[in-house]
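The structure appears below as structure tokens.
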Amino acid sequence: MEKKIYLDNAATTRTRPEVVDAMLPYFTEKFGNPSSVYEFASQNKKAVDEARGTIAKALGADITEVYFTGGGTEADNWAIKATAEAYKAKGNHIITTKIEHHAVLHTCEYLEKNGYEVTYLDVDEYGIVKLDQLEKAIKPTTILITIMFANNEIGTIQPIKEIGEIAKRNKILFHTDAVQAFAQVDINVNDMGIDMLSASAHKLNGPKGIGFLYIKKGVKIRSLIHGGAQERQRRAGTENVPGVVGFGKAVEIAMATMEDRAKKEIELRDYLIKRVLAEVPYTRLNGDRVKRLPNNANFSFQFIEGESLLIMLDMNHICASSGSACTSGSLDPSHVLLAIGLPHEIAHGSLRLTLSEDNTVEEIDYTVEKIKEIVDKLRKMSPLYEDFTRKR
Ligand SMILES: *Cc1c(COP(=O)(O)O)cnc(C)c1O
């Protein structure tokens, strides 16, 4: 097989050709600055507003509640730091979970160094937040609950509506990092009691470097970047017009195809999971079997190193990941796998495969064959495995 097999769609996705086509004119002939007054530039302002409208509709939000950012990380930083600052008079306590993306975790750690108190909630063995623990963690000083919609490593989807209800009942703001979930699963910010929501274009077949933060009307939040009057004076700087247009197009397509895409991905994912669990001994699936993103499969193979498996898959032109994209390259086991209770040595032998609608059954078959072959080879070299088989 010459072609590469791309199974790392939680890290990033291919920008759709339709999205690139929509963006191109905004680099070339339609290059005006949306803030300029003349007719030539007003078409750029219109294009930005159109994309904003598409996104607002996908969330069940108002167009004035969507603020473009430079990606998901920036949206997370903004939501957390700016509420921390704006609500300082009310309190200094933030509640999050142990399985957040580093964009949230490291932002919370930064705030801890600056006088804030953060509670990191445990999750159950499937990666789901325990609602009674959330309720117990709330204090008079709690100003923000930030819990991700769906996990980027194990794909677990949280009970967002229930969390939203708890937040509302206790008059606490609720932010959710929905970078993995937006336009992949149904979201309605009002029904779900969400006050702020982060998303990013490159996780849904849009361009890199563009995201948004949804901020519900009435939420007090400080400006992220000071300067011009862009994004209702909350995030200054000339708009990334091609990026915004591409994001809008990607969302338009993702929303229109969501149901069919999910169906296809779930079918392929379940086929992959079934084969791997049946054909590779001493293997477990991480995450919830049902409350999980349509495209996510995450396995732990006992007695092997995930990094070695990744390298050998790469030699066979298969792109996969051992944890989150950000922890790849470091040998610390994933904080998410540790939080669901995996011992270090099992967390080390993990593999994340995240599919897209472009993947085929043939690709999955080839990948399963290679996994079997490589895991077997690695185990034969493993002293742990030798020990284990000798004792049996
Ligand atoms: C990818 C990702 C981010 C970061 O988004 P960027 O646009 O790459 O900055 C944040 N949270 C989650 C859950 C992600 O998967």
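The values are calculated or read from the model by the stated rules, or taken from the named source; none is laboratory data. Computed from a predicted model, the values in this text were never measured in an experiment. All Cβ positions, even for glycine, are placed from backbone atoms using ideal geometry, and neighbour counts span all protein chains on display.
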> Which of the following residues is of a type outside the set (Lys, Arg), surrounded by 23 or more Cβ atoms within 10 Å (Cβ to Cβ) and under 29 Å from residue 322 (Cβ atoms): 105, 59, 7?
Replying inline: 7
>> Going through 71, 115 one at a time, which residue ends up being on the phi > 0 side of the Ramachandran plot and touching a residue at least 24 places away in the same chain (Cβ under 8 Å)?
In response: 71
> Taking the range 218-254 as the region of interest, how many residues are surrounded by 14 or more Cβ atoms within 10 Å (Cβ to Cβ) and free of Cβ contacts under 8 Å to residues at least 24 places away in the same chain?
Replying inline: 3
> Within the range 76-96, can you find the residues that are more than 17 Å from the chain's Cα centre (by Cα) and assigned to a helix (DSSP H, G or I)?
Replying inline: 81, 82, 83, 84, 85, 86
>> Just to be sure I understand, how many residues within the range 192-212 are outside any strand (DSSP E or B) and either within 14 Å of the ligand (Cβ to nearest atom) or touching a residue at least 60 places away in the same chain (Cβ under 8 Å) (or both)?
In response: 10
> What are the residues in the range 150-182 that are hydrophobic (A, V, I, L, M, F, W, C), within 13 Å of the ligand (Cβ to nearest atom) and part of a loop (DSSP other than H, G, I, E, B), if any?
Replying inline: 154, 178, 179, 181
> Taking the range 54-75, which residues are in contact with a strand residue (DSSP E or B) (Cβ under 7 Å, 6 or more places away or on another chain), β-branched (Val, Ile, Thr) and either more than 16 Å from the ligand (Cβ to nearest atom) or assigned to a helix (DSSP H, G or I) (or both)?
Replying inline: 55
> Picking from 364, 346, 374, which residue would you name as being under 19 Å from residue 285 (Cβ atoms), outside any loop (DSSP other than H, G, I, E, B) and at pLDDT below 95?
Replying inline: 346
> under 19 Å from residue 212 (Cα atoms), among the aromatic types (Phe, Trp, Tyr), assigned by TED's automatic domain parsing to the domain that holds residue 74 and over 12 Å from the mean Cα position of the chain (by Cα): does that describe residue 174?
Replying inline: yes
> Got at least one residue in the range 309-322 being out of contact with any Lys or Arg (no Cβ under 6 Å at 6 or more places or on another chain), assigned to a loop (DSSP other than H, G, I, E, B) and either within 25 Å of residue 205 (Cα to Cα) or among the basic types (Lys, Arg) (or both)?
Replying inline: yes
> Out of 215, 266, 221, which single residue is at pLDDT below 95 and more than 16 Å from the ligand (Cβ to nearest atom)?
Replying inline: 221
> Can you find even one residue in the range 258-265 that is of a type in the set (A, V, I, L, M, F, W, C) and within 28 Å of residue 34 (Cα to Cα)?
Replying inline: no
> Which pairs do you get when a residue that is farther than 24 Å from residue 51 by Cβ, found in the range 1-25, comes within reach of a residue that is aliphatic (A, V, I, L, M) and away from the ligand (no atom under 16 Å from the Cβ), reach meaning Cβ atoms under 6 angstrom, with the pair 6+ apart or on two chains?
Replying inline: 5/318
> Give me the pairs: first residue in the range 364-376 and among the aromatic types (Phe, Trp, Tyr), second residue surrounded by fewer than 16 Cβ atoms within 10 Å (Cβ to Cβ), beta-carbon distance under 8 Å, and six or more apart or on different chains, which are they?
Replying inline: 366/1
> Residues 65, 74, 100, 18: which one is surrounded by fewer than 16 Cβ atoms within 10 Å (Cβ to Cβ) and acidic (Asp, Glu)?
Replying inline: 18
